[in-house]
Amino acid sequence: MPAVVLVGAQWGDEGKGKATDLLAEHIDYVVKFNGGNNAGHTVVIGNEKYALHLLPSGILTPGVTPVISNGVVVDLAVLFQELEALNARGIDTSRLRLSANAHIITPYNVTVDKTSERFLGKRAIGTTGRGIGPTYADKINRVGIRVQDLFDESILRQKVEAALVAKNNLLTKVYNRAAIKVDETVAELLSYAERIRPMVADTAFELHEAIEAGKTVLFEGGQATMLDVDHGTYPFVTSSNATAGGASTGSGIGPGLFTTVIAIVKAYTTRVGSGPFPTELFDDNGEFLRATGHEYGTTTGRPRRCGWYDAPIARYSARINGVTDFVLTKLDVLTGLKEIPVCVAYEVDGKRFDEMPVSQSDFHHAKPIYENFPGWSEDISGCRTFDELPKNAQDYVLMLERISGARISAIGVGPAREAIIVRHDMLAGK
Ligand code: GDP
Ligand code: IMO
Ligand code: MG
């Protein structure tokens, strides 16, 4: 039975939320395994638009059990805001399961994120300011607060005290900020304890039982391959493993159980925040992609940096994630372009690189080598089969498939749930 991983192939915002929503009617469980409310997924169903941050996108489909597993960092205030907003719109969220081992984003983690970014000045990462990095840092430093700590007040207090020793020194002596009080922090965290109790579970155990029982489980990654802390453009990355391997450590499901790895890839490229981006456009074409693709952040509202499709990145993603299927999104955004450039390799200081250079400095200097492909002018948003696409759009997709390292199994032609062309059954499994 399929245990399916779904990840972003580029720098995020590829349309993972829409792809998860598309698959959700065929799945029983959807698991968010990394990141937190730095993610922003927009799902459009009929006239309704949903923006999800902490909750997995599959939560919108009746009958699906949503799971927040151990690899996620959880801001409890945001959790309840999102749940209440969905409930007010008639979405049943009562099945939600929350790992007892997930780490909590405390108010001081948010303070440290915002303050340290400000002090980095022009070297800032451009984080979402949601406390993600400092919370994962606490986890690795072994001073993190976990969901289960909320059920043992004395342990919670000891842990908050331990965490705040260093933080208050940093805030008061380096950043010239007020110290954070242990009592207030403990009281705020404890105020959520009884509300989360019914959803707290051994999610690794429950997911194993589900897989054993033949259920279909989808592991939905936040962020994307190039933002992965190990495999992305470090240090301009997020602080978790957003690649397929993160689904295993982030949920407690052994790698042997995964059957399928789906990567979502845009027909062009975007990035939010700082860091290298070889195909970035600073001209009218960049503005065209931003305006036509509505490329403004779901979480922070920042304009996204836009550029052409980058094939070495797609191939890198295919390798790092072991991609079995790509979902190519936003093909409709390219409609109207006479020619579509695609980056097929890089040039770094006069030398050609067909694949991602191993050195980050080389990648910072990489200049894209483009090949141009003919565009199309017909509106493709109503196409529902591959054959209905104009010939040049078909050729563009087939060309991307040849150079990107895995088959393209679905093609997005608009934001709506039904605006998709499915070429292969991605859930058929091994
Ligand atoms: P995620 O973070 O990967 O889930 O992606 P976001 O939701 O942040 O950004 C993707 C945006 O593209 C959303 O506004 C989607 O509604 C929209 N979208 C997804 N697929 C398509 C598509 O095929 N065509 C168009 N035009 N928009 C799409
Ligand atoms: P989804 O799931 C795009 C970026 C931030 C910043 C860097 C680190 O919607 O694709 P963080 O707050 O995580 O410490 O910020 O990562 N970033 C994203 N960019 N989409 C996302 O999520 C992102 N989550 C984080 O802009 O550059
Ligand atoms: Mg997003």
Inset, instruction - Show the residues, 5+ positions off or on another chain, whose built amide H is closer than 5 Å to the amide H of Thr65. - result: Tyr29, Val30
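Counting only heavy atoms of the protein chains, get the accessible area per residue of the chain (1.4 Å probe) and round it to a whole Å² value.
Each residue of the chain exposes 41 Å² on average to a 1.4 Å probe.
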Legend entry - Separation between Cα centres of the range 28-51 and the range 148-178, rounded to whole Å: 31 Å
Inset, instruction - Report Rg(Cα)/(2.2 N^0.38 Å) for the range 362-430, keeping two decimals. - result: 1.35
Legend entry - Pairs of Cα atoms farther than 18 Å apart, the range 277-407, %: 60 percent
Inset, instruction - Report the antiparallel proportion of the DSSP beta bridges in the range 267-413 as a percent, rounded to a multiple of 5. - result: 75 percent
Legend entry - Restraint check, Lys122/Lys173; Lys139/Lys367; Lys32/Lys122; Lys114/Lys351; Lys49/Lys330, Cα-Cα greater than 28 Å: Lys139/Lys367; Lys32/Lys122; Lys114/Lys351
Inset, instruction - Kindly work out what percent of the DSSP beta bridges joining two residues of the chain are antiparallel, to the nearest 5. - result: 40 percent
Legend entry - Qualifying chymotrypsin sites (Phe, Trp or Tyr not before Pro) in the range 262-342, DSSP loop, other Cβ atoms within 10 Å at most 16: Phe282
Legend entry - Computed over the range 5-121, Kirkwood Rh from alpha-carbon pairs, angstrom: 15.1 Å
Legend entry - Dimensionless Rg/Rh of the range 291-359 - Kirkwood Rh, Rg from C-alpha atoms: 1.01
Legend entry - Projected-area mean, the chain, by convex hull of Cα positions, square nanometres: 20.4 nm²
Inset, instruction - Beyond 15 Å, what share of the Cα-Cα pairs of the range 67-127 is found? Please give it as a whole percent. - result: 63 percent
Inset, instruction - Only helical DSSP H runs with n ≥ 4 go in: add -39500 (n - 2.57) per run for the chain, normalise by residue count and round the 222 nm mean residue ellipticity to 500 deg cm²/dmol. - result: -9000 deg cm²/dmol
Inset, instruction - With the Cα gyration tensor of the range 111-261 in hand, give its eigenvalues times 5 under a square root as the equivalent ellipsoid semi-axes, listed largest first in whole angstrom. - result: 31, 24, 11
Legend entry - Long-range amide H partners of Phe353 with built H, under 5 Å: Tyr346, Glu347, Val348
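Of the DSSP beta bridges with both residues in the range 1-103, give the percent that are antiparallel, rounding to the nearest 5. Provide the component values of the computation, followed by the final result.
Values: 5 of 13 bridges.
Roughly 40 percent of the beta bridges in the range 1-103 run antiparallel, per DSSP.
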Legend entry - Average projection area in nm² (convex hull over Cα atoms of the range 194-247, one quarter of hull surface): 5.2 nm²
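With a 1.4 Å probe and every protein chain kept in, tell me what percent of the accessible surface of the range 135-220 is carbon plus sulfur.
51 percent
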Inset, instruction - Could you pull out every residue, at least 5 positions away or on a different chain, whose amide H is within less than 5 Å of the one on Asn34? Hs are placed 1.01 Å off N in the peptide plane, and Pro or chain starts have none. - result: Gly222
Inset, instruction - Give the carbon-plus-sulfur fraction of the accessible surface of the range 10-115 in %, rounded to a whole number; probe 1.4 Å, heavy atoms of protein chains only. - result: 47 percent
Legend entry - Residue range of the chain that is longest and free of GluC sites (Glu not before Pro) which are both DSSP loop and sparsely packed (at most 15 other C-beta within 10 Å): 26-354
Legend entry - Heavy-atom accessible surface of the range 272-331: percent carbon and sulfur, 1.4 Å: 54 percent
Legend entry - Inverse mean reciprocal Cα-Cα distance (Kirkwood Rh) of the range 251-308, Å: 13.4 Å
Inset, instruction - Take the Cα coordinates of the range 37-88, assign each an equal point scatterer, and use the Debye formula without solvent to give log10 I(q)/I(0) at q = 0.19, 0.29, 0.32 Å⁻¹. - result: -0.66, -1.42, -1.52
Inset, instruction - Determine ³J(HN,Hα), in whole Hz, for all residues of the range 406-415 in sequence, where each value follows from phi through the Karplus function 6.51 cos²θ - 1.76 cosθ + 1.60 and θ = phi - 60°; x replaces Gly and Pro. - result: 6, 5, 9, 9, 8, 9, x, 10, x, x
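The values are calculated or read from the model by the stated rules, or taken from the named source; none is laboratory data. Model, not experiment: these values are computed from the prediction. Glycine gets a Cβ as well: all are built from the backbone with ideal geometry, and neighbour counts include every protein chain shown. Accessible surface areas use protein heavy atoms only, side chains included; no ligands, DNA or RNA. Shrake-Rupley method; radii C 1.70, N 1.55, O 1.52, S 1.80 Å.
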